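Peer 1: There's a structure below that I have some questions on.
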Number of protein chains: 2
Amino acid sequence: MSSITPVILVGGSGKRLWPLSRESMPKQFVPLLGTQSTFQQTLQRVADRGLFARPVIATNDAYRFMAEQQAKEIGMEIEILVEPSRRDSGPAMAAAAAYARSQGAKALLALASDHLVIGAEEFRAGCREGLLAVGQGGIVTFGIPPTEPKTDYGYIRPGSQSIGPVQKVAAFVEKPNAQTALRYIAEGLLWNSGNFLFPPDVLLSEMARFEPAMAAAAEEAVAKARKNGSTVFLDADAFAKAPAKSIDYAVMERTDKCWVVPARFRWSDLGTWDALLDIGEADSAGNVTEGPVEIDHVRNSYVRSDGPLTAVIGVEEVVVVAMNDAVLVGHRDNLPRLKDVVQRMSDGKHKAATEHAVMHRPWGSYQDIDRGERFRAKRLSVNPKGKLSLQSHKRRAEHWVVVRGVAEVTLDGKIMTLHENESIYIPMGGIHRLANPGEEQLEVVEVQTGDYLEEDDIIRYEDIYARV
Amino acid sequence: MSSITPVILVGGSGKRLWPLSRESMPKQFVPLLGTQSTFQQTLQRVADRGLFARPVIATNDAYRFMAEQQAKEIGMEIEILVEPSRRDSGPAMAAAAAYARSQGAKALLALASDHLVIGAEEFRAGCREGLLAVGQGGIVTFGIPPTEPKTDYGYIRPGSQSIGPVQKVAAFVEKPNAQTALRYIAEGLLWNSGNFLFPPDVLLSEMARFEPAMAAAAEEAVAKARKNGSTVFLDADAFAKAPAKSIDYAVMERTDKCWVVPARFRWSDLGTWDALLDIGEADSAGNVTEGPVEIDHVRNSYVRSDGPLTAVIGVEEVVVVAMNDAVLVGHRDNLPRLKDVVQRMSDGKHKAATEHAVMHRPWGSYQDIDRGERFRAKRLSVNPKGKLSLQSHKRRAEHWVVVRGVAEVTLDGKIMTLHENESIYIPMGGIHRLANPGEEQLEVVEVQTGDYLEEDDIIRYEDIYARV
């Protein structure tokens with residue numbers, strides 16, 4: 001049996017799970033359930049090297065460091081395919097297919113990075129079954145047996161032809177209304193999970209039939225790609241020529257080569273907060289709670305705190321998600337409105353609409369811990385071997401106190417080592433760099449003083465992440 | 001016309017307005033409406049020296065520094081009467097009466113510190129009218145014309161006798177059910193606001209009739225009181241002998257000397273969050289909002305944020321109060337349950353149930369801004385002329401960075417002055433003190449490192465607030 005190359009698609013800003021998911025760190029990177037992100041859970045789902053090759057992550061420049069960091073945390077090796085612009089899933093899938101084909105892949109498994117799958121063994125069994133149709137040039141999708149008449153999923157109508165448990169797709173059908181959804185369930189239709197298994201050349205040749213410009217642009221972007229270690233940068237000019245269109249519209253709904261494996265695993269696209277209530281373990285009143293929360297006379301609600309002590313009293317069918325810098329309260333019926341509400345807040349000057357308190361950088365992360373009229377305090381967390389750029393500031397001085405690990409500090413050409421409980425003063429204009437030479441995380445409390453304390457007061461002289 | 005001595009009663013932990021109100025800083029000290037606390041608003045209501053003498057604040061040891069600080073902020077001179085133990089309002093009022101009498105007061109105005117009054121001129125007019133009955137030995141209460149059939153207030157039935165607009169009280173009646181409340185309104189009963197105007201000796205002689213032990217204990221506690229500047233410490237042993245009972249049960253419901261002035265000012269006891277919705281300016285959907293909040297399809301709700309960006313979608317008749325460290329979501333009908341819920345959370349290990357992020361001290365305040373495995377960061381805010389105790393720590397070192405104002409630092413006998421953007425290291429065991437010699441607030445970011453970072457690792461050598 002030939003092995004499968006997983007391609008994990010990492011994009012999208014996940015507004016519908018705000019405030020846990022925000023543009024600066026969208027839902028696939030957030031530990032929504034347990035301690036790992038769905039991106040990490042997806043990686044682990046394809047960790048079996050007997051069946052799967054090393055995964056390829058198709059993402060953009062903003063998220064590639066996060067993908068790298070999160071893969072490293074769980075000890076997974078990955079390749080990264082960087083999309084130079086957002087062109088929807090069609091071009092992304094085509095470029096992934098062209099790249100995988102160039103590496104000799106015979107079967108490609110395209111997975112969303114933000115879905116939940118419960119049942120890793122059943123998932124792998126589904127992949128093995130799908131290979132039967134892939135071997136005959138089929139494009140296989142995973143169909144989920146519906147548990148309720150959902151109106152926000154597309155459905156798949158299986159046909160009569162089959163190879164083992166894999167059935168030919170008669171039609172992909174659009175999101176139905178509630179009544180039609182009930183009929184679909186009665187007729188044996190399946191939810192379209194949007195994850196696909198296929199031979200790369202079949203996807204590309206089908207795309208060449210229906211969307212020749214898209215296929216050509218993707219193949220050219222791969223042919224002209226620039227490789228740096230295990231990161232592949234698609235050619236920007238070529239990729240930009242691809243029409244922006246989803247893979248469903250571009251190929252799946254038009255080709256006659258689609259097959260469906262009925263899934264025996266539990267699945268959710270974690271599309272809205274409601275999904276967390278569906279999946280969580282509810283108490284006798286139908287509530288799922290997480291974190292420091294106290295509920296009283298509450299029914300059928302999801303109450304979660306990632307920080308603040310949260311009391312909820314006398315409500316039903318609501319979702320409450322509390323973080324230190326952002327709070328959501330919504331009736332379950334109205335959650336589809338969240339995306340618009342977040343968009344509205346993003347248009348204003350509310351930082352928390354789009355940015356988490358913790359901001360991720362290639363070298364680690366930082367977070368604001370205090371702010372006043374002429375000062376700002378941050379905690380910097382530098383990964384082992386991480387290195388900030390060599391830089392200076394025109395309008396602020398900085399005090400650094402090492403609170404964990406070992407720091408290598410460069411200041412005006414001098415290099416010194418600071419340990420826990422040691423501090424240093426970086427005067428205004430001083431050319432400096434902070435690095436973590438150790439094996440343990442480095443944590444520094446930074447107190448800035450000055451009359452202007454924004455991120456754009458920075459002159460970069462050198463950067464190992466090529467941000468100069 | 002003799003002038004009135006206001007006595008402002010400051011006690012109670014205000015659980016029903018959690019999380020803005022917490023035991024560490026209860027509702028009377030919190031700016032619930034606008035920028036001033038209700039305590040400060042109460043002080044300003046009696047600022048007219050033509051009618052009122054310098055106010056006396058009856059409070060406990062925990063709250064006296066806060067009362068002092070808040071009075072200073074608005075430039076009001078006060079006297080403080082410190083109750084050595086909590087004995088309910090009867091003994092507090094008796095001690096205040098005994099103290100005021102000893103200072104020559106002829107009329108005492110006992111005011112709650114956590115009520116809202118809109119209409120300062122009408123309030124003063126009510127006091128002047130009340131003096132008519134006080135001149136004839138009456139105890140006068142302010143009756144509020146009901147606006148709805150409230151079941152959580154006591155009511156007053158006026159009798160036929162009157163002096164000008166002041167009517168004799170026929171009876172105080174207990175909190176009614178909804179139907180009875182409607183009848184009370186029809187019969188012209190008034191809400192009992194719990195604020196009283198009376199000659200101190202009349203209150204004391206009436207108390208001596210009904211509760212002789214209480215009256216005797218209060219008089220003895222005043223006779224043996226210790227005075228320090230404008231602070232009077234009631235004698236603890238004497239005061240402890242007073243039975244704990246409210247002034248209503250002890251005197252008001254038993255005496256035949258009560259009169260009532262119908263109020264022409266707007267009044268609220270701010271008993272629950274609902275009151276803020278009653279009082280605030282509602283939009284066309286009946287919502288009152290405050291702070292960085294975004295509402296969508298919300299009706300008849302109070303949504304307030306004192307920090308986090310807060311989105312509320314598709315709910316009705318709810319109260320949402322968001323702070324960085326604590327969040328409340330409650331249906332308006334169930335708000336009376338909040339007190340119990342907060343009590344339940346207090347029993348656990350949730351700091352935010354009882355303590356605010358900002359902790360007040362005689363010298364100013366501090367707040368945790370970050371915390372990790374072997375470190376803790378705080379911002380210290382020291383009032384002008386404020387002085388922390390001379391102290392040392394066994395298990396932590398401290399780094400101080402001055403971010404505003406001027407610091408006088410004592411370290412192992414040496415005194416030095418630090419300005420903005422200067423820092424100092426306090427080694428473990430170093431005997432040190434931080435003080436603000438200036439006229440402006442001093443702000444310091446403190447980074448502690450060590451293996452134990454709690455408040456109780458402190459040896460105090462000297463303290464200007466007598467906490468050694």
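Peer 1: Convert each backbone phi in segment A:402-407 into a coupling constant with the Karplus relation 6.51 cos²θ - 1.76 cosθ + 1.60 (shift: θ = phi - 60°), then list the ³J(HN,Hα) values in order as whole Hz, x for Gly and Pro.
Peer 2: Running phi through 6.51 cos²θ - 1.76 cosθ + 1.60 with θ = phi - 60° gives 7, 10, 7, x, 10, 10 Hz.
Peer 1: Restricted to Cα positions, what overall size does segment B:429-468 have along the principal axes? Three whole-Å values, descending.
Peer 2: On the principal axes, segment B:429-468 reaches 36, 25, 16 Å in Cα extent.
Peer 1: Here's another thing I want to ask about it. Search the structure for amide H atoms under 5 Å from the amide H of A:GLY386, placed 1.01 Å from N in the peptide plane, and list their residues when 5 or more places away or on another chain.
Peer 2: A:ASN436
Peer 1: Per 10 Å bin from zero, what fraction in whole % of the C-alpha pairs of the protein assembly as shown is there, up to the bin with the longest pair?
Peer 2: Result returned by the calculation: 2, 10, 16, 18, 17, 14, 10, 7, 4, 2, 0.
Peer 1: For q values of 0.23, 0.25, 0.27 Å⁻¹, compute log₁₀ I(q)/I(0) with the Debye formula on a Cα-only model of segment B:6-84, without solvent.
Peer 2: Summing over Cα pairs of segment B:6-84 leads to -1.09, -1.25, -1.39.
Peer 1: A further question on this structure: So if I take the alpha carbon set of segment A:4-268, get Rg, then get Rh from the Kirkwood formula, what is the Rg over Rh ratio?
Peer 2: Details: Rg = 17.5 Å, Rh = 18.6 Å.
Answer for segment A:4-268: 0.94.
Peer 1: Further, regarding this structure: Where q = 0.20 Å⁻¹, what log10 of I(q)/I(0) comes from the Debye formula for segment B:274-347, counting one point per Cα?
Peer 2: Taking Cα atoms of segment B:274-347 as identical point scatterers yields -0.84.
Peer 1: Where the only charges are on Cβ atoms (+1 Lys, Arg; -1 Asp, Glu), what is the dipole of segment B:358-462 about its Cα centre, to the nearest 20 debye? Write out the running numbers ahead of the final one.
Peer 2: On the way: 15 positive and 18 negative charges, 35 e Å.
It works out to roughly 160 debye.
Peer 1: Another one. Based on the Kirkwood radius over alpha-carbon pairs, what is the Stokes-Einstein translational diffusion coefficient of segment A:146-186 at 4 °C with 1.567 mPa s viscosity, in µm²/s? Walk me through the numbers before you get to the answer.
Peer 2: Values: Rh = 10.9 Å.
Roughly 119 µm²/s, to the nearest whole number.
Peer 1: If a/c stays under 1.5 just call it rounded; otherwise compare a/b with b/c (prolate if a/b is bigger, oblate if not). Do that for segment B:339-430, with a ≥ b ≥ c from the square roots of the Cα gyration tensor eigenvalues.
Peer 2: Taking the square roots of the gyration eigenvalues as a ≥ b ≥ c, segment B:339-430 is prolate.
Peer 1: If you don't mind, another one. Based on Cα positions only, what radius of gyration and what Dmax would you give for segment B:1-51, in angstroms?
Peer 2: 13.3, 44
Peer 1: Lysine pairs in segment A:297-385 with Cα distance under 21 Å, only those 8 or more apart or on different chains: how many are there?
Peer 2: So the count of such lysine pairs works out to 4.
Peer 1: What aspartates and glutamates does B:LYS27 reach when the alpha-carbon gap must be under 12 Å and sequence neighbours fewer than 8 apart in one chain are set aside?
Peer 2: Answer for B:LYS27, where 12 Å is the Cα cut-off: B:ASP114, B:ASP269, listed by chain and number.
Peer 1: Provide the per-residue ³J(HN,Hα) series for segment B:223-240, in order, calculated from phi with Karplus coefficients 6.51, -1.76, 1.60 and θ = phi - 60°, each as a whole number of Hz, with x at glycine and proline positions.
Peer 2: Working through the residues one at a time gives 4, 9, 5, 10, 10, 9, x, 9, 10, 10, 9, 4, 5, 5, 5, 5, 4, 5 Hz.
Peer 1: Still on this model: Kindly give the distances from B:MET416 to its copy-mates, label point to label point, with each label point 7 Å from Cα along Cα→Cβ, as nm values to one decimal ordered shortest first.
Peer 2: Ordered by increasing distance: 1.5 nm.
Peer 1: For segment B:136-181 and segment A:345-377, what is the separation of their Cα centres, given in Å?
Peer 2: Value for the Cα centre distance between the two parts: 54 Å.
Peer 1: Taking amide H positions as placed in the peptide plane 1.01 Å from N, state which residues far from B:VAL169 in sequence (5 or more) or on other chains have amide H under 5 Å from it.
Peer 2: Close amide H contacts, sequence-distant or interchain: B:GLY159, B:CYS258, B:TRP259, B:VAL260.
Peer 1: Please work out whether segment A:116-179 counts as rounded, prolate or oblate from its C-alpha gyration tensor, where a ≥ b ≥ c are the square roots of the eigenvalues and a/c under 1.5 means rounded, while otherwise a/b larger than b/c means prolate and anything else oblate?
Peer 2: Taking the square roots of the gyration eigenvalues as a ≥ b ≥ c, segment A:116-179 is oblate.
Peer 1: Quick one: compute a quarter of the convex hull surface over the Cα atoms of segment B:67-145 and quote it in nm².
Peer 2: The directionally averaged projection comes out at 6.9 nm².
Peer 1: List, in order, the whole-Hz ³J(HN,Hα) value for each residue of segment A:156-170 obtained from phi through the Karplus relation with A = 6.51, B = -1.76, C = 1.60 and θ = phi - 60°; use x for Gly and Pro.
Peer 2: Each residue's phi maps through the Karplus curve to give 10, 9, x, x, 8, 5, 8, 10, x, x, 8, 10, 5, 7, 7 Hz.
Peer 1: According to the square roots a ≥ b ≥ c of the eigenvalues of the Cα gyration tensor, what is the shape class of segment B:29-161, taking rounded for a/c under 1.5, prolate for a/b larger than b/c otherwise, and oblate for the remainder?
Peer 2: The shape class here is rounded.
Peer 1: Here's another thing I want to ask about it. Based only on the alpha carbon positions, what is the Kirkwood hydrodynamic radius of segment A:327-374, in angstrom?
Peer 2: 13.2 Å
Peer 1: For each of B:MET359, A:MET416, count neighbouring Cβ atoms within 10 Å of the residue's Cβ, then give the residues from fewest to most.
Peer 2: By the 10 Å Cβ count, ascending: A:MET416, B:MET359.
Peer 1: Select from segment A:111-188 those GluC sites (Glu not before Pro) which occupy a DSSP coil region and have at most 15 other Cβ atoms within 10 Å, ordered by residue number. Walk me through the numbers on the way to the answer.
Peer 2: Working: sites: A:GLU121, A:GLU122, A:GLU129, A:GLU174, A:GLU187; in loops: A:GLU174, A:GLU187.
Taking segment A:111-188 and a limit of 15 other Cβ atoms within 10 Å, the loop GluC sites (Glu not before Pro) found are A:GLU174, A:GLU187.
Peer 1: Could you state, as a whole-number percent, how many of the C-alpha pairs of chain B are farther apart than 34 Å?
Peer 2: Cα-Cα pairs in chain B separated by more than 34 Å: 42 percent.
Peer 1: With a cap of 15 neighbouring Cβ atoms within 10 Å, and only residues DSSP puts in a loop, list the GluC sites (Glu not before Pro) found in segment B:47-78. The partial results should precede the final answer.
Peer 2: Details: sites: B:GLU68, B:GLU73, B:GLU77; in loops: B:GLU77.
Passing sites in segment B:47-78 are B:GLU77.
Peer 1: Further question on the same structure: In bins 10 Å wide, starting from 0, what share of all Cα pairs of segment B:254-384 does each bin hold, as a percent?
Peer 2: The calculated distribution, bin by bin, is 10, 29, 28, 21, 10, 2, 0.
Peer 1: Sum -39500 (n - 2.57) across every DSSP H segment of at least 4 residues in chain B, then divide by the residue count to get the 222 nm mean residue ellipticity, nearest 500.
Peer 2: -6500 deg cm²/dmol
Peer 1: If you don't mind, another one. Enumerate the amide H contacts of B:GLY430 below 5 Å, restricted to partners 5 or more residues apart or on another chain; note that Pro and chain-start residues carry no placed amide H.
Peer 2: It is B:HIS393, by chain and number.
Peer 1: Quick one: plug the Kirkwood hydrodynamic radius of segment A:210-281 (C-alpha pairs) into Stokes-Einstein at 4 °C, 1.567 mPa s, and report D in µm²/s. Could the numbers behind the result be given before it?
Peer 2: Numbers: Rh = 15.8 Å.
Estimated diffusion coefficient is 82 µm²/s.
We did not get these values from a lab; they are worked out from the coordinates using the rules stated. It should be emphasised that the depicted structure is a prediction, and the values quoted were computed from it without experimental measurement. Neighbour counts run over all protein chains shown; Cβ positions are idealised from the backbone, glycine included.
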